[in-house]
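The values are calculated or read from the model by the stated rules, or taken from the named source; none is laboratory data. Fair warning: this is a prediction, and the values are worked out from it, not measured in the lab. Here Cβ is always computed from backbone atoms with ideal geometry, including for glycine, and neighbour counts include all displayed protein chains.
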Amino acid sequence: MKAYKGYQANVSFDEDALLFHGDVLGIRDVITFQARSAEELPKAFHDSVDDYLDWAAEDGFTPQKPYSGKLAFRTTPEHHQLISEAASANAISINQWMDNALEAAARATLASGTQKIKTT
């Protein structure tokens, strides 16, 4: 499903109810929608996002925005050098190396149920 106002959605189909059900991704607030047909899905998604944004404006709170994909990262000069050397050894950018390494660490942490990451 195409993004709408920066929001992405995940859609599933309930075969028993013959109903599509969608959830907006990347925010802690819960925004859902449903439709009887694939043709109705975009409008249902757009209406739910618009309702959420209207509710935020009416109640005076800032609506949550989806993850931007940008992270601020600070490290020591020594770690910066190590990261740079590791990325170069793999012929990829520092950004790509960090993305790969952090994704692997996050998946391993979530798979193990560990709440703390050990540091050296």
Only one residue in Pro42, Pro63 is surrounded by 12 or more Cβ atoms within 10 Å (Cβ to Cβ), at negative phi and not in a helix (DSSP H, G or I). Which one? Pro63
Just to be sure before I move on: is Val30 hydrophobic (A, V, I, L, M, F, W, C) and in contact (Cβ under 8 Å) with a residue 40 or more places away in the chain in the structure I sent? no
Only residues that are out of contact with any Lys or Arg (no Cβ under 9 Å at 6 or more places or on another chain) and either under 19 Å from Trp55 (Cα atoms) or surrounded by 12 or more Cβ atoms within 10 Å (Cβ to Cβ) (or both): list them for segment 15-32, please. His21, Gly22, Asp23, Val24, Leu25, Arg28, Asp29, Val30, Ile31, Thr32
What pairs come up if the first residue lies in segment 75-89 and is modelled with pLDDT under 95, the second is among the hydroxyl-bearing types (Ser, Thr, Tyr), and their beta carbons are under 7 Å apart, counting only those six or more places apart or on different chains? Ala87/Ser93
Given the criteria more than 26 Å from Ala101 (Cβ to Cβ) and either assigned by TED's automatic domain parsing to the domain that holds Ala101 or among the small types (Gly, Ala, Ser) (or both), does Ala44 qualify? yes
Would you mind stating whether Ala35 is in contact with a helix residue (DSSP H, G or I) (Cβ under 6 Å, 6 or more places away or on another chain), surrounded by 12 or more Cβ atoms within 10 Å (Cβ to Cβ) and not charged (D, E, K, R)? yes
Being within 27 Å of Glu103 (Cα to Cα) and touching a helix residue (DSSP H, G or I) at 6+ places or on another chain (Cβ under 7 Å) is true for just one of Lys5, Lys70. Which residue is that? Lys5
